[in-house]
Amino acid sequence: MFSRVVLISHSMTLMKIKRTKRFTSNAFHLGLDKLGIENKSAPCFQNLSYDEIASHERSNGEGLFIKNGAFAVDTGKFTGRSPMDKYIVEQSPSKNNIWWGQVNRPMKPETFDKLYKKVTTHFTAAGVIYVFDGYCGAHKSTQKKVRFITELAWQHHFVTNMFIRPTRDELQNFQPDFTVINACKVTNPSYRNERLNSEVFITFNIEKNVALIGGTYYGGEMKKGIFSMMNYWLPLEGIMSMHCSANVGPQGDSALFFGLSGTGKTTLSADPKRLLIGDDEHGWDDEGIFNFEGGCYAKTINLTEEHEPEIFRAIQRDALLENCYIVPGSHEPDYTNITKTENGRVSYPIYHIKNHKKDSKAGHPTNCIFLTCDAYGVLPPVSRLSSGQAQYHFLSGYTAKVAGTERGVTEPQATFSACFGAAFLPLHPTKYADLLQKKLQKYGTKVFLVNTGWSGGSYGSGKRLSLKVTRQCIDAILDGSINKAHFYKDPVFGFDVPKKLGSLSAEVLCPRAGWQDKTKYDETARKLADSFKENFKQFVRSGFTDYSSYGPN
């Protein structure tokens, strides 16, 4: 595709990059020496403008500009997060709060200290340093000040897109609550001696308010790292943190869209009839809902202007493409080419979405939508959940892998991710479920389950529900017309399914009706129901309300 080059030397930086107003002579001016980065000679750039970032990216040779001015980079062998290399330092008092296990792996304090020394030594000798200071959280009362120290201009670009950009006045005397040091070129060769997974590390020290990234260039590690920390801080303060998108209608009626990758969370919240609050990470406090971020991070696979016009048009100057195929000689992306990865991404500031909500917040949500891509083809396009069912499906976080997406996957496989984002939960999932339950009850928010997957059969025999059908279901939820429908109770899953919804007939809304082989449908539905039950056993424990009775029969 195109190559990534290493950082240029200090002298070449000064020769090739025009000195800017945000230029700092060395790291001491920003207090990086207090972190152990005692680099007196390297130029240190803080909160560059987009034009300045583009100049650095071009001079450093970090990627290429496509025809419309967006910048494209290749993140090397890591085209997604590396969850097996994510750690939290095991120490008091935070260790008593953490949900230890496969999601949150412990790291010894002495191992962290060794890596910290390695990373700060690397930056002390670096030829150039980029520092971005910004905010996470649109509500002033609960937002966190975050700092990112990076060694590549495009990584500075990424966080400039993704976080809330401060004014010049706000940068004066900026003191971060949490710092991420991204030393992507640093690895840990002695990882076996420390019983770690690989030479890559993404590690969080909650007590020291710092995280380290080493061995991976993937931008999403920075974004999701801060999201994980928000998921630690806010719930302990009684504030709900959520892996969801959100939008708001003309009457101020806001909606939340929960869903795992590939379920349509970003696409369905980008609605021309409503204002986008955010596409991925939100909080819910006593004032209402609010975006954590200042940008969006969308998948680009098979992206077209016809089907996803808002996202397609957001890819313009200042947007950043990750691992997208660029047609040689044309400087044009081909989003259907997945030679590099199916996880091609684009990062862009939220104002690239024309109908975004400028303050990135809204009142308490009227509706909450759980999105799932059911490759078994047994869940209806839309169903209404009771309060107990909402907790059950929130904790389940179901979607399905389809055949061919991974080696050895020959038929649909149920995938469960607690709270629709288990990979980013430092606390036990029931902590978030308790908070959600209180919010739903207090503000009367209605909850629906929407299937964006298959109908008329499983993957391979049925057909994927069209975006048009899904939009009709979403529109009926948002305009309230679904509340006037007549419902029947699904005999296996127990939730309420509308008999008719606008122009959608019973054959579309009732999944069993669309299957030619009814016996096969019953067998498949029971198989999925059993998967739900098996997964939910982990949440039946003392001290927490048992919602298992609200699952499949």
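The values are calculated or read from the model by the stated rules, or taken from the named source; none is laboratory data. Keep in mind that this is a model prediction, so the values were computed, not measured. No Cβ is skipped: glycine too gets one built from the backbone with ideal geometry, and neighbour counts run over all protein chains shown. Just the protein is used for accessible areas: all its heavy atoms, side chains included, with ligands, DNA and RNA removed. Shrake-Rupley method; radii C 1.70, N 1.55, O 1.52, S 1.80 Å.
Based on DSSP H runs of at least 4 residues, each adding -39500 (n - 2.57), what is the mean residue ellipticity at 222 nm of the chain after dividing by all its residues, to the nearest 500 deg cm²/dmol?
Numbers: 14 runs with 141 residues, N = 553.
Taking each H run of at least 4 residues, the total per residue is -7500 deg cm²/dmol.
Accessible area, 1.4 Å probe, largest first: how do Arg81, Arg317 sort?
Arg317, Arg81
Calculate how steeply helix 153-162 sits against the longest principal axis of the alpha-carbon atoms of the chain, using the helix alpha-carbon long axis, and give the answer as 0 to 90 degrees to the nearest 10.
40
Compute the relative contact order of the range 38-171 as a whole-number percentage, counting only Cα pairs closer than 8 Å that sit 6 or more residues apart in sequence. Don't skip to the answer; put the middle values down first.
Values: 139 pairs, mean separation 40.0, N = 134.
Relative contact order here is 30 percent.
Can you give the accessible area of Val327 in Å² (nearest 10), computed on protein heavy atoms with a 1.4 Å probe?
50
Using 0.36 nm per residue of separation minus the Cα-Cα distance, give me the extension gain between Arg58 and Glu207 in nm, one decimal. Each step should come with its number before you reach the end.
Details: separation 149, 0.36 × 149 = 53.64 nm, distance 3.82 nm.
Gain on extension, Arg58 to Glu207, equals 49.8 nm.
Could you give the length gained on full extension between Asp530 and Asn96, defined as 0.36 nm per residue of separation minus the Cα-Cα distance, in nm?
Values: separation 434, 0.36 × 434 = 156.24 nm, distance 3.31 nm.
Length gained, Asp530 through Asn96: 152.9 nm.
Angle check, please: helix 518-536 long axis (alpha carbons) against the longest principal axis of the chain (alpha carbons), in degrees 0 to 90, nearest 10.
50
To the nearest 10 degrees, how steep is helix 387-396 against the longest Cα principal axis of the chain, on a 0 to 90 scale?
Roughly 50 degrees, rounded to the nearest 10.
In the range 177-285, what trypsin sites (Lys or Arg not before Pro) fall in a loop by DSSP, with at most 12 other Cβ atoms inside 10 Å? If you can, show how the numbers build up before the last one.
On the way: sites: Lys185, Arg192, Arg195, Lys208, Lys223, Lys224, Lys265, Lys273, Arg274; in loops: Lys185, Arg192, Arg195, Lys208, Lys273, Arg274.
Counting only loop positions with at most 12 other Cβ atoms within 10 Å, the trypsin sites (Lys or Arg not before Pro) in the range 177-285 are Arg192, Arg195, Lys273.
Reachable lysines from Lys273, Cα under 20 Å, same-chain residues fewer than 8 places away excluded?
Here the lysines satisfying the reach criterion relative to Lys273 are Lys265, Lys354, Lys357, Lys358, Lys361, Lys468.
Distance between Cα centroids, the range 136-205 to the range 362-382: provide it in whole Å.
After rounding, the separation between the Cα centres reads 32 Å.
If I model a spin label at Gln175 and Glu194 as a point 7 Å from the Cα along the Cα→Cβ vector, what separation in nanometres do I get?
Here the modelled spin labels are 3.0 nm apart.
Which of the aspartates and glutamates could a cross-linker bridge to Lys401, judged by Cα under 17 Å and excluding same-chain residues fewer than eight apart?
Glu342, Asp374, Glu411, Asp530
At a Förster distance of 60 Å, what's the computed FRET efficiency of Phe487 paired with Phe28, Cβ-Cβ distance as r, to 0.05? Could you put the intermediate results ahead of the total?
Details: r = 66 Å, r/R0 = 1.10.
Computed FRET efficiency for Phe487 and Phe28 comes out at 0.35.
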